[in-house]
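Below: one structure, written as C-alpha coordinates.
The values are calculated or read from the model by the stated rules, or taken from the named source; none is laboratory data. Just so you know, these numbers come straight off a predicted model, no measurement behind them. So basically every Cβ, Gly included, is an ideal-geometry build from the backbone, and we count neighbours across all protein chains shown. Protein only, heavy atoms only, side chains kept; ligands, DNA and RNA dropped before computing areas. Shrake-Rupley method; radii C 1.70, N 1.55, O 1.52, S 1.80 Å.
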Amino acid sequence: MITPTELISRARSAGRAALDEPSGKALLAAYGIAVPRSVVVAGAAEVNGELARLKAPFVVKVISTDILHKSDAGGVKVNLRTTTEAADAIRAMMRQPAIAEARIDGFLVEEMAPAGQEMVIGGLRDAHFGPLVMVGLGGIFVEVLADVAFRICPITPLDAEEMLAELKGAAILDGARGKKPLPKAAIIDTLLKMGGAGGLLMRHAADIKETDINPLIVSETGAVAVDARFILT
Ligand code: ADP
Ligand code: MG
(Lines give C-alpha, C1' and ligand atoms only; values in the text may rest on other atoms or scores of the structure.)
(Ligands and ions follow the chains in the order given, each with its own letter.)
Protein backbone atom coordinates (compact mmCIF):
# COMPACT_ATOMS: atom_id res chain seq x y z
CA MET A 1 0.00 0.00 0.00
CA ILE A 2 1.14 3.50 -0.82
CA THR A 3 2.21 5.57 2.20
CA PRO A 4 0.80 9.04 2.98
CA THR A 5 4.16 10.64 2.26
CA GLU A 6 4.32 8.90 -1.14
CA LEU A 7 0.77 10.06 -1.97
CA ILE A 8 1.83 13.65 -1.41
CA SER A 9 5.18 13.41 -3.18
CA ARG A 10 3.58 11.71 -6.20
CA ALA A 11 1.11 14.59 -6.53
CA ARG A 12 3.96 17.10 -6.26
CA SER A 13 6.11 15.39 -8.85
CA ALA A 14 3.11 15.32 -11.21
CA GLY A 15 3.02 19.11 -10.79
CA ARG A 16 -0.26 19.11 -8.90
CA ALA A 17 -1.21 21.74 -6.31
CA ALA A 18 -3.82 19.46 -4.79
CA LEU A 19 -4.55 15.78 -4.23
CA ASP A 20 -7.23 14.27 -6.44
CA GLU A 21 -10.22 12.75 -4.64
CA PRO A 22 -9.01 9.12 -4.68
CA SER A 23 -5.60 10.19 -3.28
CA GLY A 24 -7.24 12.43 -0.69
CA LYS A 25 -9.42 9.56 0.45
CA ALA A 26 -6.45 7.19 0.55
CA LEU A 27 -4.71 9.72 2.82
CA LEU A 28 -7.77 9.85 5.12
CA ALA A 29 -7.98 6.05 5.16
CA ALA A 30 -4.29 5.84 6.13
CA TYR A 31 -5.25 7.75 9.28
CA GLY A 32 -8.14 5.42 10.03
CA ILE A 33 -10.94 7.68 8.76
CA ALA A 34 -13.75 5.74 7.07
CA VAL A 35 -14.20 6.39 3.34
CA PRO A 36 -16.53 4.60 0.89
CA ARG A 37 -15.16 1.52 -0.88
CA SER A 38 -14.38 2.57 -4.43
CA VAL A 39 -12.78 1.85 -7.78
CA VAL A 40 -11.38 4.23 -10.38
CA VAL A 41 -12.29 3.55 -14.01
CA ALA A 42 -11.17 5.27 -17.20
CA GLY A 43 -14.61 5.13 -18.78
CA ALA A 44 -17.99 3.43 -19.01
CA ALA A 45 -16.59 0.33 -20.73
CA GLU A 46 -14.56 -0.62 -17.63
CA VAL A 47 -17.49 -0.50 -15.25
CA ASN A 48 -18.73 -4.07 -15.59
CA GLY A 49 -15.56 -5.85 -14.54
CA GLU A 50 -14.50 -3.41 -11.85
CA LEU A 51 -17.76 -2.97 -9.98
CA ALA A 52 -18.09 -6.61 -8.95
CA ARG A 53 -16.26 -5.78 -5.70
CA LEU A 54 -18.66 -3.00 -4.70
CA LYS A 55 -22.13 -3.12 -3.25
CA ALA A 56 -24.94 -1.08 -4.86
CA PRO A 57 -26.17 1.62 -4.72
CA PHE A 58 -23.20 3.38 -6.32
CA VAL A 59 -22.06 6.97 -6.73
CA VAL A 60 -20.15 8.10 -9.83
CA LYS A 61 -17.89 11.18 -9.75
CA VAL A 62 -15.67 12.80 -12.32
CA ILE A 63 -11.96 13.07 -11.43
CA SER A 64 -10.40 16.19 -12.93
CA THR A 65 -8.00 18.86 -11.67
CA ASP A 66 -9.97 21.32 -13.81
CA ILE A 67 -13.17 20.74 -11.84
CA LEU A 68 -13.32 21.99 -8.26
CA HIS A 69 -17.05 21.67 -7.57
CA LYS A 70 -18.06 18.41 -9.17
CA SER A 71 -21.82 18.78 -8.59
CA ASP A 72 -21.89 22.21 -10.25
CA ALA A 73 -20.26 20.66 -13.33
CA GLY A 74 -22.75 17.77 -13.43
CA GLY A 75 -19.99 15.48 -12.22
CA VAL A 76 -21.72 13.66 -9.36
CA LYS A 77 -24.49 11.09 -9.69
CA VAL A 78 -25.78 9.30 -6.60
CA ASN A 79 -28.16 6.39 -6.00
CA LEU A 80 -27.20 4.30 -9.02
CA ARG A 81 -28.72 0.87 -8.50
CA THR A 82 -26.90 -1.25 -11.09
CA THR A 83 -23.64 -1.39 -13.03
CA THR A 84 -25.62 -0.43 -16.14
CA GLU A 85 -26.87 2.72 -14.42
CA ALA A 86 -23.29 3.52 -13.34
CA ALA A 87 -21.99 3.09 -16.90
CA ASP A 88 -24.82 5.24 -18.27
CA ALA A 89 -24.07 7.92 -15.69
CA ILE A 90 -20.44 8.08 -16.88
CA ARG A 91 -21.55 8.39 -20.52
CA ALA A 92 -24.00 11.16 -19.62
CA MET A 93 -21.32 12.95 -17.59
CA MET A 94 -18.90 12.95 -20.50
CA ARG A 95 -21.48 14.91 -22.48
CA GLN A 96 -21.79 17.67 -19.85
CA PRO A 97 -20.18 20.83 -21.32
CA ALA A 98 -17.94 21.57 -18.29
CA ILE A 99 -16.72 17.96 -18.30
CA ALA A 100 -16.38 17.57 -22.06
CA GLU A 101 -13.87 20.42 -22.14
CA ALA A 102 -11.94 19.41 -18.98
CA ARG A 103 -8.91 17.14 -18.68
CA ILE A 104 -10.36 13.97 -17.17
CA ASP A 105 -8.27 11.60 -15.03
CA GLY A 106 -11.04 9.03 -14.80
CA PHE A 107 -14.20 8.38 -12.85
CA LEU A 108 -14.52 7.39 -9.22
CA VAL A 109 -17.22 4.81 -8.60
CA GLU A 110 -17.97 4.31 -4.92
CA GLU A 111 -20.52 2.89 -2.54
CA MET A 112 -23.21 5.15 -1.10
CA ALA A 113 -22.69 6.00 2.55
CA PRO A 114 -25.71 5.34 4.77
CA ALA A 115 -27.97 8.42 4.89
CA GLY A 116 -27.29 10.77 7.78
CA GLN A 117 -26.38 14.28 8.89
CA GLU A 118 -23.83 15.96 6.63
CA MET A 119 -20.99 17.65 8.51
CA VAL A 120 -17.80 19.40 7.48
CA ILE A 121 -14.34 18.95 8.94
CA GLY A 122 -11.66 21.29 7.69
CA GLY A 123 -8.05 22.09 8.27
CA LEU A 124 -5.81 24.99 7.42
CA ARG A 125 -2.39 26.30 8.22
CA ASP A 126 -1.99 29.55 10.06
CA ALA A 127 1.31 31.38 9.67
CA HIS A 128 1.60 31.89 13.45
CA PHE A 129 -0.31 29.02 15.03
CA GLY A 130 0.35 26.20 12.56
CA PRO A 131 -2.42 23.73 11.72
CA LEU A 132 -5.99 24.57 12.75
CA VAL A 133 -8.94 22.18 12.65
CA MET A 134 -12.54 23.17 12.02
CA VAL A 135 -15.91 21.46 12.33
CA GLY A 136 -19.42 22.47 11.34
CA LEU A 137 -22.77 21.04 10.40
CA GLY A 138 -23.09 20.71 6.63
CA GLY A 139 -24.93 22.72 4.01
CA ILE A 140 -26.51 26.03 5.08
CA PHE A 141 -25.03 25.80 8.59
CA VAL A 142 -21.55 26.23 7.16
CA GLU A 143 -22.24 28.15 3.95
CA VAL A 144 -24.92 30.61 5.11
CA LEU A 145 -24.72 30.72 8.90
CA ALA A 146 -20.94 30.18 9.19
CA ASP A 147 -21.72 28.03 12.24
CA VAL A 148 -18.28 26.50 12.71
CA ALA A 149 -15.81 25.90 15.54
CA PHE A 150 -12.01 26.21 15.20
CA ARG A 151 -9.12 25.04 17.39
CA ILE A 152 -5.36 25.13 17.14
CA CYS A 153 -3.89 21.63 16.70
CA PRO A 154 -3.22 19.32 18.37
CA ILE A 155 -6.65 18.98 19.96
CA THR A 156 -7.59 16.69 22.86
CA PRO A 157 -10.79 14.62 23.12
CA LEU A 158 -12.20 17.33 25.41
CA ASP A 159 -11.41 20.03 22.83
CA ALA A 160 -13.25 17.99 20.18
CA GLU A 161 -16.26 17.59 22.45
CA GLU A 162 -16.31 21.33 23.20
CA MET A 163 -16.06 22.17 19.50
CA LEU A 164 -19.27 20.23 18.86
CA ALA A 165 -20.98 21.75 21.91
CA GLU A 166 -20.28 25.31 20.78
CA LEU A 167 -22.00 24.91 17.40
CA LYS A 168 -25.27 26.83 17.31
CA GLY A 169 -26.84 23.83 15.62
CA ALA A 170 -25.48 21.43 18.25
CA ALA A 171 -29.02 20.31 19.14
CA ILE A 172 -29.21 18.58 15.76
CA LEU A 173 -26.59 16.11 16.95
CA ASP A 174 -28.76 15.27 19.94
CA GLY A 175 -31.62 14.31 17.63
CA ALA A 176 -33.73 17.39 16.97
CA ARG A 177 -37.18 17.10 15.40
CA GLY A 178 -37.82 13.49 16.30
CA LYS A 179 -34.62 12.21 14.71
CA LYS A 180 -32.31 9.75 16.45
CA PRO A 181 -29.27 11.20 18.22
CA LEU A 182 -26.04 10.93 16.22
CA PRO A 183 -22.95 9.18 17.54
CA LYS A 184 -20.84 12.14 18.73
CA ALA A 185 -18.06 9.69 19.55
CA ALA A 186 -17.65 8.96 15.82
CA ILE A 187 -17.35 12.68 15.00
CA ILE A 188 -14.92 13.27 17.86
CA ASP A 189 -12.87 10.29 16.71
CA THR A 190 -12.66 11.73 13.18
CA LEU A 191 -11.73 15.18 14.54
CA LEU A 192 -8.88 13.61 16.55
CA LYS A 193 -7.63 11.59 13.60
CA MET A 194 -7.43 14.89 11.71
CA GLY A 195 -6.38 17.38 14.37
CA GLY A 196 -5.18 15.37 17.35
CA ALA A 197 -1.57 14.74 18.39
CA GLY A 198 -0.19 12.38 15.74
CA GLY A 199 -3.19 13.19 13.52
CA LEU A 200 -3.08 13.89 9.82
CA LEU A 201 -2.86 17.69 10.12
CA MET A 202 0.04 17.55 12.60
CA ARG A 203 1.97 14.89 10.71
CA HIS A 204 1.66 16.66 7.37
CA ALA A 205 1.69 20.24 8.60
CA ALA A 206 4.47 21.17 6.17
CA ASP A 207 2.57 19.86 3.13
CA ILE A 208 -1.10 20.69 3.73
CA LYS A 209 -2.16 24.25 3.11
CA GLU A 210 -5.87 23.62 3.35
CA THR A 211 -8.18 20.64 3.52
CA ASP A 212 -11.81 19.80 3.87
CA ILE A 213 -13.95 16.76 4.24
CA ASN A 214 -17.22 18.04 2.84
CA PRO A 215 -19.31 16.17 3.64
CA LEU A 216 -18.61 13.77 6.43
CA ILE A 217 -21.86 11.79 6.59
CA VAL A 218 -22.77 10.87 10.15
CA SER A 219 -25.40 8.22 10.85
CA GLU A 220 -26.10 5.65 13.53
CA THR A 221 -23.56 3.42 11.78
CA GLY A 222 -20.71 5.94 12.14
CA ALA A 223 -19.01 8.74 10.20
CA VAL A 224 -17.91 8.40 6.56
CA ALA A 225 -15.84 10.96 4.62
CA VAL A 226 -17.50 11.03 1.18
CA ASP A 227 -15.55 13.97 -0.30
CA ALA A 228 -11.98 15.05 0.39
CA ARG A 229 -10.01 18.03 -0.83
CA PHE A 230 -6.35 18.63 0.02
CA ILE A 231 -4.53 21.74 -1.20
CA LEU A 232 -0.76 21.42 -0.88
CA THR A 233 1.62 24.12 0.34
P1 ADP B 1 -18.69 18.21 -4.81
O2 ADP B 1 -18.58 18.77 -3.42
O3 ADP B 1 -17.39 18.34 -5.55
O4 ADP B 1 -19.82 18.77 -5.58
P5 ADP B 1 -19.18 15.60 -3.50
O6 ADP B 1 -18.22 14.50 -3.68
O7 ADP B 1 -19.18 16.31 -2.19
O8 ADP B 1 -18.95 16.63 -4.72
O9 ADP B 1 -20.64 15.06 -3.81
C10 ADP B 1 -21.77 15.91 -3.79
C11 ADP B 1 -22.81 15.40 -2.81
O12 ADP B 1 -23.22 14.08 -3.18
C13 ADP B 1 -22.30 15.26 -1.38
O14 ADP B 1 -22.41 16.47 -0.68
C15 ADP B 1 -23.22 14.18 -0.82
O16 ADP B 1 -24.47 14.74 -0.44
C17 ADP B 1 -23.45 13.30 -2.02
N18 ADP B 1 -22.50 12.16 -2.04
C19 ADP B 1 -21.31 12.12 -2.66
N20 ADP B 1 -20.69 10.94 -2.47
C21 ADP B 1 -21.52 10.21 -1.71
C22 ADP B 1 -21.46 8.88 -1.15
N23 ADP B 1 -20.43 8.06 -1.37
N24 ADP B 1 -22.51 8.46 -0.40
C25 ADP B 1 -23.57 9.25 -0.17
N26 ADP B 1 -23.69 10.51 -0.66
C27 ADP B 1 -22.68 10.99 -1.42
MG1 MG C 1 -18.19 18.02 -1.57
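Below is a table of values for the structure above.
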{"read-out": "Crossing angle, helix 21-30 versus the chain [Cα axis fit, 0-90 degrees, rounded to tens]", "value": "50 degrees"}
{"read-out": "Per residue, the convex hull volume that the Cα atoms of the chain enclose (Å³)", "value": "130 Å³"}
{"read-out": "The chain, relative contact order in percent, only Cα pairs under 8 angstrom and at least six apart counted", "value": "22 percent"}
{"read-out": "Å² per residue, accessible surface of the chain at 1.4 Å", "value": "50 Å²"}
{"read-out": "Whole-Hz ³J(HN,Hα) from phi, Karplus 6.51 cos²θ - 1.76 cosθ + 1.60, for region 100-112, glycine and proline x", "value": "4, 9, 8, 7, 9, 9, x, 10, 8, 10, 9, 6, 6"}
{"read-out": "Inter-part distance where region 61-113 and region 142-167 are each reduced to a Cα centre, Å", "value": "32 Å"}
{"read-out": "Cβ charges +1 (Lys, Arg) and -1 (Asp, Glu), total dipole of the chain, debye", "value": "320 debye"}
{"read-out": "Choice from VAL41, VAL60, VAL142 with maximal GNM fluctuation in the chain (Cα, 10 Å cutoff)", "value": "VAL142"}
{"read-out": "Computed accessible area, ARG16, all protein chains, 1.4 angstrom probe, square angstrom", "value": "70 Å²"}
{"read-out": "Given 16 as the ceiling on other Cβ atoms within 10 Å, longest exposed-site-free region of the chain for GluC sites (Glu not before Pro) in DSSP loops", "value": "1-100"}
{"read-out": "Cut-off under 5 Å, modelled amide H: who pairs with GLY196 long-range", "value": "ILE155"}
{"read-out": "Fluctuation leader among ILE140, ILE187, ILE121 - the chain, Gaussian network, Cα springs under 10 angstrom", "value": "ILE140"}
{"read-out": "Accessible area, probe 1.4 Å, largest first, for residues PHE150, PHE230, PHE141", "value": "PHE150, PHE141, PHE230"}
{"read-out": "Acute angle (nearest 10 degrees) that the helix 4-13 long axis makes with the longest principal axis of the chain, alpha-carbon atoms", "value": "60 degrees"}
{"read-out": "Partner lysines for LYS77 [C-alpha distance under 24 Å; skip if fewer than 8 residues away on the same chain]", "value": "LYS25, LYS55, LYS61"}
{"read-out": "Which of HIS69, HIS128 is most accessible, then next, and so on - probe 1.4 Å", "value": "HIS128, HIS69"}
{"read-out": "For region 79-156: relative contact order, % (alpha-carbon pairs under 8 angstrom, 6 or more apart)", "value": "19 percent"}
